[in-house]
Amino acid sequence: MTPSAPQPASRWDPAIIVPRLPGLVAGLVLFGVGIAMMAQANMGLGPWEAFHQGIARITGLQLGTVSILLGIPIILAWWPLGERPGFGTIVNMVLIGLATNAGIALIPPVWGVAPQLAMMLAGVVTIAVGSGLYLASDLG
């Protein structure tokens with residue numbers, strides 16, 4: 001009887017997930033802050049955030065709150081298709097929305113073309129860095 005090779009650890013083993021959590025959290029927070037920066041630049045948003053912003057303006061809810069609330073039915077719509085959201089997907093939905101709300105509360109809006117362009121560019125770069133950290137964590 002030959003000994004079997006050791007089994008690789010499961011992707012969802014805590015020993016594998018825990019070291020990746022800081023990157024996940026930092027990435028999602030940065031993503032939310034980047035959205036807030038773009039919103040405070042008042043020069044437009046990406047399509048999904050523009051949709052959220054329109055609903056926020058109509059309902060009086062915060063932008064990040066709308067993002068969270070709309071994420072719930074989207075995730076539920078995946079279920080009949082056989083897709084199950086990962087841990088990172090659920091955390092993504094909640095943490096980006098909370099970080100967006102916090103960012104809007106803490107980052108003052110800017111006015112004037114040069115400050116607005118600078119804030120918009122900073123928001124795009126912040127989202128890019130956040131996306132890289134989130135994707136690198138491989139927890140979605």
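The values are calculated or read from the model by the stated rules, or taken from the named source; none is laboratory data. Nothing here was measured: the structure is a model prediction, and the numbers come from that model. These accessible areas exclude ligands, DNA and RNA; they are computed on the full protein's heavy atoms, side chains included. Shrake-Rupley method; radii C 1.70, N 1.55, O 1.52, S 1.80 Å.
Numbers below:
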read-out	value
Accessible area (Å², per residue) of the chain, counting only protein heavy atoms and a probe of 1.4 Å	59
Residue-averaged [θ]222 nm for the chain, counting only DSSP H segments that reach four residues, each worth -39500 (n - 2.57)	-25000 deg cm²/dmol
HN-Hα J in Hz across region 75-88 - Karplus 6.51, -1.76, 1.60, θ = phi - 60°, x for Gly and Pro	5, 5, 5, 5, 4, x, 7, x, 8, 10, x, x, 3, x
J(HN,Hα) series, region 61-67, from Karplus relation 6.51 cos²θ - 1.76 cosθ + 1.60, nearest Hz, glycine and proline x	7, 6, 3, x, 5, 4, 4
Zero-based 5 Å bins, Cα pair distances in region 31-107, whole percents	3, 17, 25, 25, 14, 9, 4, 1, 0
Inverse mean reciprocal Cα-Cα distance (Kirkwood Rh) of the chain, Å	16.4
Share of carbon and sulfur in the accessible heavy-atom surface of region 1-124 [1.4 Å probe, %]	74
Karplus 3J(HN,Hα) series, Hz, for region 104-119 with 6.51 cos²θ - 1.76 cosθ + 1.60 (x for Gly, Pro)	5, 5, 9, 9, x, x, 10, 9, x, 4, 4, x, 5, 4, 4, 5
